[in-house]
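The values are calculated or read from the model by the stated rules, or taken from the named source; none is laboratory data. Just so it is clear, the structure is predicted and the values come from calculations on it, not from any experiment. Methodologically, a virtual Cβ is constructed for each residue, glycine included, from the backbone with ideal geometry; neighbour enumeration extends over all protein chains shown. Just so you know, the surface numbers come from the protein's heavy atoms only, side chains and all, with ligands and any DNA or RNA stripped out. Shrake-Rupley method; radii C 1.70, N 1.55, O 1.52, S 1.80 Å.
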Amino acid sequence: MPVKIYIPCDTTALAMGADEVANIVEFQSREAGLSVDIIRNGSRGLFYLEPLVEVETARGRIAFGPVEAEDVPGLIQSLVAHGDFSEGKAFAGKHPLYLGLTEEIPYLAKQQRLTFARAGIIDPLSLEDYQAHGGFEGLNQALALTGSNGPQGIVDEVKTSGLRGRGGAAFPTGIKWQTVLDTPAEQKYIVCNADEGDSGTFADRLLMEADPFTLIEGMVIAGLAVGANQGYIYLRSEYPQADKILNQAIKTAYAQGYLGENIQDSGQHFDLEVRLGAGAYICGEETSLLESLEGKRGLVRAKPPLPAIEGLFGLPTIVNNVISLASIPVILAKGGEYYRDYGMGRSRGTLPVQLAGNIKQGGLVELAFGATLHNLVFEFGGGTFSGKPAKAIQVGGPLGAYLPEEQWHTPLDYEAFAANNAVLGHGGVVVFDTSVDMAKQARFAMEFCKIESCGKCTPCRIGAVRGVEVIDKIIGDDHREQNLELLTDLCDTMELGSLCAMGGMTPYPVRSVMEHFPDDLIKAVPGKAQQEQEL
Amino acid sequence: MTKLSEQQYQVVAKSVSDKKALPGALLPILHDIQDQLGYIPKAAIDIIAAGLNQTAAEIYGVISFYHHFRLDKPGNHLVEICRAEACQAMGSEALEQEIKSKLGIDYHQTTKDNNVSLEPVYCLGNCACGPSIKVGERVYGRMSGEKFSRLMDKLSTYVVELGQGENHAR
Ligand SMILES: Cc1cc2nc3c(=O)[nH]c(=O)nc-3n(C[C@H](O)[C@H](O)[C@H](O)COP(=O)(O)O)c2cc1C
Ligand code: SF4
Ligand code: FES
């Protein structure tokens with residue numbers, strides 16, 4: 001029997017050399033006379049260990065990582081010498097990269113994986129693997145509910161779960177679905193927002209690359225729930241690997257009767273297509289996304305009307321984030337109450353947190369709401385990558401606040417973050433060490449808004465340009481007091497006068513710097529005192 | 001405006017006729033053309049407009065809205081450097097400077113030998129292993145100036161070996 005060796009194929013594993021490792025594993029094991037079966041699984045999300053190579057043994061999968069190309073020969077020798085796999089015995093070797101049973105690596109063992117339950121375990125393109133690990137149980141439940149109760153039964157289950165949109169705005173998913181269900185129309189749409197533009201986030205990408213059938217299943221269920229038979233996944237063009245995997249998975253799902261007409265002989269119909277974005281951050285905003293899907297410039301639409309009532313091509317449309325939709329199968333399979341029992345306050349279920357930036361152990365950590373930022377960054381993340389003390393943590397992407405140390409004990413909960421003038425957003429956590437200059441970060445927030453503004457409204461389009469100028473003056477100690485005041489006014493104007501959260505929330509990171517890191521903004525300008533003396 | 005070559009014309013005409021019936025066909029058409037030609041030649045705009053019953057100004061407006069679409073031919077390799085926060089936290093600003101000076105170009109420019117075009121990008125989804133860059137379809141993590149030089153050496157040899165100047169970037 002060949003030894004099963006798992007080598008991930010997600011973007012980060014590939015970025016760290018997984019393809020080279022796979023090639024050498026194949027070559028070296030042939031040389032060593034070891035018969036192997038290489039499976040390209042999705043990543044487990046323990047990115048600090050990528051490429052993470054797993055070997056199947058009688059006790060379970062054992063892990064080695066991070067494995068670089070030059071580690072492979074030693075690894076194969078070690079397997080040949082110590083892994084008597086034919087007898088089903090455990091690996092007895094002491095290879096320096098040996099991590100023990102994958103499932104027992106604390107980073108993974110301590111997580112509560114509901115949405116990411118299969119990530120990294122299965123071959124993302126194997127429907128059999130998917131089914132063997134609980135895939136389509138949610139869809140079967142949904143089909144049973146539709147039979148007995150009509151689509152309302154599905155929507156009720158989603159309401160019970162307490163799921164709130166994971167794209168950032170945290171709007172209750174069940175209520176959105178109810179609106180679409182209650183709006184009569186010949187044609188309705190399910191649109192998956194896979195634009196994942198926030199820096200520090202990769203949960204959508206990982207889900208799509210490691211377990212794409214979960215997203216497909218979630219979208220089919222959404223279609224059943226509201227009477228929509230056409231779905232689109234709006235995927236950012238920066239994710240070619242996800243594009244490839246999704247398209248293959250969709251093809252397989254069609255071939256096996258999980259998409260198309262008469263799904264699993266239920267008489268239900270659902271078509272699904274991937275559409276690529278084109279490098280515009282604003283197209284993650286749902287109405288801009290719909291414009292883009294319609295083939296136009298991604299200008300934000302005024303709301304109302306809500307997309308749930310007049311969405312894509314003017315018809316009722318569910319727009320949901322990847323993680324929202326990918327959480328639907330487990331909610332249907334295990335029941336809304338099961339999901340709701342995780343979490344705290346009004347934040348129910350789990351949040352896939354993404355540990356990024358200057359962090360020793362970056363990766364995806366799915367936990368029930370309620371864990372603290374400190375716990376995540378220091379216990380899971382192991383502190384900074386550089387070894388210097390951490391100084392600021394930006395949560396929730398480029399429109400999220402920078403949290404100072406005093407706020408690191410805040411529990412992950414939408415309301416607790418809001419109380420700190422911060423946001424959880426899509427769960428991205430970006431750590432900065434003491435070498436960061438927070439004035440630059442404030443400036444970048446404005447610069448990013450300037451680059452990515454859709455241009456529809458003045459407070460955002462012009463405000464961001466002014467914002468960069470004003471911050472430059474503050475940094476350069478040019479009428480500092482007055483310009484600080486101006487910056488506060490500008491933030492007020494953008495927050496109150498912008499049509500969408502791009503202009504409306506850019507002030508969050510800026511204000512957080514003004515409030516918590518003022519010293520960086522008003523530090524002495526090198527050479528300036530001297531210049532003034534010379535004048 | 002440079003005229004389309006015969007081969008370019010075929011690509012553009014085929015993309016338009018294959019995809020124009022799709023709802024919201026414009027972005028899929030633009031992607032298809034750029035994937036094959038490396039950019040969207042200006043002379044393609046009229047053909048797309050005619051196919052979709054839109055004005056050339058509308059098509060141009062869409063192309064110019066999206067950072068991904070380009071109207072000028074890129075070099076053999078498209079290098080994108082992540083400028084977003086998680087990579088900043090890992091020193092991307094210094095990396096950016098180093099790469100620019102190694103290549104002797106700024107963003108939105110192409111090296112004189114036509115080997116590399118440089119573009120900024122805002123997040124590649126590799127934020128746990130930054131700083132990140134993308135070359136063609138492939139993302140590279142934990143990038144450094146030194147690693148970049150080695151990578152470039154490999155890529156230039158590759159093109160020379162194949163003895164052609166075709167677009168590898170996309
Ligand atoms: C500037 C801006 C960018 C956004 N980017 C994304 C994104 O990349 N992905 C996403 O799911 N939601 C994004 N959103 C939120 C969407 O507008 C919308 O709330 C979400 O897709 C709804 O899905 P959900 O309820 O499942 O979260 C963005 C919002 C704004 C204002
Ligand atoms: S706030 Fe900015 S991005 Fe949003 S609609 Fe106005 S100009 Fe467009
Ligand atoms: S911020 Fe650079 S890859 Fe995400």
Scaled radius of gyration (Cα, divided by 2.2 N^0.38 Å) that chain B gives: 1.13
Mean-position separation - Cα centroids, the range A:423-483 and the range A:184-230, in angstrom: 32 Å
Three-way shape label, the range A:342-433, alpha-carbon gyration tensor, a/c 1.5: prolate
For residue A:308, distant residues with modelled amide H under 5 Å away: A:317
In degrees, nearest ten, helix B:145-162 long axis to first principal axis of chain B (Cα): 50 degrees
Spin-label model distance (nm) - residue A:248 vs residue A:515, 7 Å beyond Cα toward Cβ: 4.7 nm
Probe 1.4 Å, accessible area per residue of the range A:342-433, Å²: 28 Å²
Protein-only accessible surface order, largest first, of B:1, A:446 at 1.4 Å: B:1, A:446
Cα-based shape type of the range A:5-150, given that a ≥ b ≥ c are square roots of the gyration tensor eigenvalues and the cut on a/c is 1.5: prolate
Distance histogram in 5 Å bins (all Cα pairs of the range A:127-339, percent per bin): 1, 8, 16, 22, 22, 17, 10, 3, 1, 0
The range B:1-86 shape via C-alpha gyration tensor axes, a/c threshold 1.5: prolate
Hull volume in cubic angstrom per residue (convex hull over the Cα atoms of the range A:402-512): 115 Å³
Helix B:6-19 vs. chain B, principal-axis angle (Cα, 0 to 90°, nearest 10): 80 degrees
Whichever aspartates and glutamates have a C-alpha closer than 18 Å to that of residue B:42, once near sequence neighbours (fewer than 8 apart) are set aside: B:6, B:32, B:58, B:72
Helix axis angle, B:56-65 relative to chain B longest principal axis, alpha carbon, degrees: 20 degrees
Distance from the range A:329-358 to the range B:22-98 (C-alpha centre basis), Å: 37 Å
Sequence-distant lysines (8 or more away, or on other chains) whose Cα lies within less than 30 Å of residue B:147: A:244, A:360, A:388, A:391, A:440, B:73, B:100, B:102, B:112, B:134
Rough spin-label spacing in nm, given labels placed 7 Å along Cα→Cβ, for residue A:35 and residue A:415: 6.1 nm
Separation between Cα centres of the range A:498-514 and the range A:9-78, rounded to whole Å: 43 Å
Residues in the range A:160-176 that a label on residue A:340 would reach, taking backbone N under 16 Å of a point 7 Å out along Cα→Cβ: A:160-165, A:172-176
Largest-first principal axis extents, alpha carbons of chain A, Å: 83, 61, 40
Distance histogram in 5 Å bins (all Cα pairs of the range A:389-463, percent per bin): 3, 15, 23, 21, 17, 13, 6, 2, 0
